[in-house]
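The values are calculated or read from the model by the stated rules, or taken from the named source; none is laboratory data. Keep in mind it's a predicted model, so treat the numbers as computed, not measured. Every residue, glycine among them, receives a Cβ derived from its backbone with ideal geometry; neighbour counts consider all protein chains shown.
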Amino acid sequence: MAEVRIIKTSDCEPGMILASDIVNDYGAVILYQNSRLDEYYINKLINLGLSFIKVYKDYEYKEKKQVIIEAQYNNNLEEFKQVVRDIGNGKTLEMDRVTEVSRSLSSNFDTINDLVLCLSKVRSINEYTYSHSLNVSLLCSLLGSWLNLNHNHIEELSHCGILHDIGKASIPQHILNKPGPLTEEEFNEMKKHPSIGYSLIEENDAISKDVALGVLMHHEREDGSGYPIGLKSKQIHYYAKVLAVVDIFDAMTSNRVYKKRQPPFDVLEMYESEYLTKCDTGIMLTFLKHISSYYIGAMVKLNDGSKGEVVYINSNSISRPLIKSNNEIIDLSMIPELKIVEML
């Protein structure tokens with residue numbers, strides 16, 4: 001077990017790892033144990049008036065890598081929660097805080113595997129609105145890189161992701177947290193969030209017009225079946241097309257108040273069957289090709305009770321991979337009655 005030492009906050013250096021939670025006077029966690037300190041967090045601790053903190057001595061970063069990633073994600077989550085709460089209380093959106101969360105998120109992951117593992121964590125249903133925005137931001141950056149976009153476009157996509165549901169800060173909580181299906185009236189209220197979000201950010205000089213349009217149009221669909229305007233194909237901003245693809249993926253693979261998370265391969269099957277005409281085909285297929293590859297090597301359970309390892313993804317049937325079970329190769333694309341029901 002790593003040795004703990006107490007040091008002056010003013011002596012903290014980037015890279016040090018917190019050995020205990022930092023809690024404010026109200027009992028809320030400001031920074032989580034195992035957080036890796038950077039200049040932003042060190043200044044935050046100093047501004048809180050803390051004289052001393054506990055850090056690990058001779059901490060081996062690699063040994064605790066996933067723990068650190070999770071702690072950093074939780075810190076970003078808490079910071080973004082406060083941004084949304086401030087908006088709900090009538091304050092102006094502070095884009096510098098959003099940018100800091102976005103950059104901290106993207107710099108926290110050394111490999112795509114780290115990111116996918118973090119996204120797969122089961123999180124509190126009550127935190128869905130916040131964690132979903134962080135996850136979509138991460139996935140937007142990821143998909144942007146797979147689409148070979150430049151750094152500026154990837155950063156703007158990250159901002160689109162973190163802000164895409166910001167309009168929900170003005171949607172009544174009883175609608176956001178309703179455990180059952182929404183009534184038509186409630187759903188119509190919910191469908192206002194892209195327009196509300198656009199109104200919140202369109203006049204903010206720190207946010208590009210492209211980001212604002214991405215937020216406005218992220219629920220539009222290629223066939224015109226989306227909202228709030230009912231735009232089609234070429235009328236939809238490119239950022240919104242990217243947002244649409246990753247928004248669906250994270251929503252379907254997360255626990256929500258009214259619906260349990262679905263196994264990733266069920267979601268991949270939905271893309272193949274339901275979203276071919278609703279999402280931009282090129283963007284969607286790029287996402288499916290890359291995201292599915294990170295499940296190679298995963299252990300899964302089939303609906304007949306057998307367990308096995310994903311060994312190959314068929315590009316013509318991404319949701320029906322080859323499974324190695326008891327030294328036998330099972331091609332799910334050839335056996336329609338078999339399917340993956342659980343990731344192990």
Got at least one residue in region 301-316 being touching a strand residue (DSSP E or B) at 6+ places or on another chain (Cβ under 7 Å), farther than 17 Å from V341 by Cα and not assigned by TED's automatic domain parsing to the domain that holds N135?
-> yes
Kindly indicate which of I291, I340 is touching a helix residue (DSSP H, G or I) at 6+ places or on another chain (Cβ under 8 Å), of a type outside the set (G, A, S), crowded, with 18+ Cβ neighbours inside 10 Å and under 20 Å from V245 (Cα atoms).
-> I291
Check K178 against each of (1) within 21 Å of R97 (Cβ to Cβ); (2) not hydrophobic (A, V, I, L, M, F, W, C); (3) not in a helix (DSSP H, G or I) and name the one condition it does not meet.
-> (1)
Out of A244, A251, A240, which single residue is surrounded by fewer than 20 Cβ atoms within 10 Å (Cβ to Cβ) and of a type in the set (A, V, I, L, M)?
-> A251
Scan region 159-175 for residues that are assigned to a helix (DSSP H, G or I) and surrounded by 14 or more Cβ atoms within 10 Å (Cβ to Cβ) and report the count.
-> 11
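If I filter region 98-110 for residues that are at pLDDT below 80 and assigned to a helix (DSSP H, G or I), do I get at least one hit?
Yes, some residue in region 98-110 is at pLDDT below 80 and assigned to a helix (DSSP H, G or I).
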Scope region 9-37; condition modelled with pLDDT under 75 and not polar (S, T, N, Q); matching residues = D25, Y26, G27, A28, V29, I30, Y32
When only residues in region 1-22 that are in contact (Cβ under 8 Å) with a residue 24 or more places away in the chain and assigned to a helix (DSSP H, G or I) count, which is farthest from E79 (Cα to Cα)?
-> S10
Identify the residue in region 253-267 that is closer than 24 Å to I323 by Cβ and touching a helix residue (DSSP H, G or I) at 6+ places or on another chain (Cβ under 6 Å) and, among all such residues, is modelled with the highest pLDDT.
-> V267
Complete set of residues in region 254-301 that are assigned to a helix (DSSP H, G or I), in contact (Cβ under 8 Å) with a residue 12 or more places away in the chain and more than 14 Å from I318 (Cβ to Cβ) | I283
Neighbours by Cβ (under 8 Å, 6+ apart or cross-chain): first from region 187-207, among the small types (G, A, S); second surrounded by fewer than 19 Cβ atoms within 10 Å (Cβ to Cβ) and at pLDDT 90 or above | S195/P228
